[in-house]
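Each remark here refers to the structure printed beneath this line.
Values in this text are rule-based calculations from the coordinates and carry no lab data. Every value quoted in this text rests on a predicted model; they were computed, and no experiment measured them. When we count neighbours, we look across all protein chains shown, and the Cβ atoms used for this are built from the backbone with ideal geometry, even at glycine.
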């Protein structure tokens, strides 16, 4: 008896004769650069469709923009409603929640995420789609010749190494959002109901056949990055606390070591008291040690608060995002 391996694959995971590629793009106050994005994105995808014999759709998610981004997206929908869908949030819920909403409304068997600032060229979508069609379920990207400031490049590299050691998620360039996902991976991400998450790391944990490729990086076309220093720090905390408890375990180990060191210091001072007699020369040293220990304790409490805060947000079970409306063509047409 022969078993056809294709029959073991669920029907909803079997690629159609002409695969549909969904491009998910979060948009937040990008009015200055949207026209330039449209001018490059649609021709690039038309070329991809011809080269790889695929269909495509673009899902824009307006993340509560305060400028004219929503109006420009609506206008673009009217021009290309055959391949365009626009999801409108009623507030700002963050880039990663916007992508999750895009995943919900996307219909493609393969999905590619892309920022709206043109730092990752739309022309780089083709090699990502090609690898997805070859059977890879997660295509990570590495930005080459980055156009960011030297400080941001160095900080990004340092944080990548630190996060890699803490979370054991081995992604070379964790900050690049232009990535490709198979529908199976996306469906698993959609089942994850955590309030704060990091899309690239979450997708990587569910991938069974990942790969990384190098892509170009360009200057931001217009405006400035929407991530402030505080938001970047928050994002790193979300990644670290969302994918590992190693920081808590590390502080347990630090507590044990400090307790042993404190006991040894006490014994040392006690012996000096009997051998040398009363002295006050070490008072300032003790003050310094005390302040150091207080700093460690406060940092540990703050770290513990991060985990407790995540639990608090999760148990409230509030919606991760609120959709005000969706611009899409009636399927019946």
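Numbers at a glance
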| quantity | calculated |
| --- | --- |
| Which of 316, 146 has the fewest Cβ neighbours within 10 Å, and the rest in rising order | 316, 146 |
| Packing-based ranking, highest mean first, of 17-30, 184-197 given that Cβ atoms within 10 Å are counted | 17-30, 184-197 |
| In nm, spacing of pseudo-spin labels at residue 330 and residue 142 (7 Å Cα→C-beta vector) | 5.1 nm |
| Length gained when the stretch residue 32-residue 304 is fully extended (0.36 nm per residue, less Cα-Cα span) | 93.8 nm |
| Estimated FRET transfer efficiency (residue 322, residue 253; beta-carbon r; R0 35 Å; 0.05) | 0.25 |
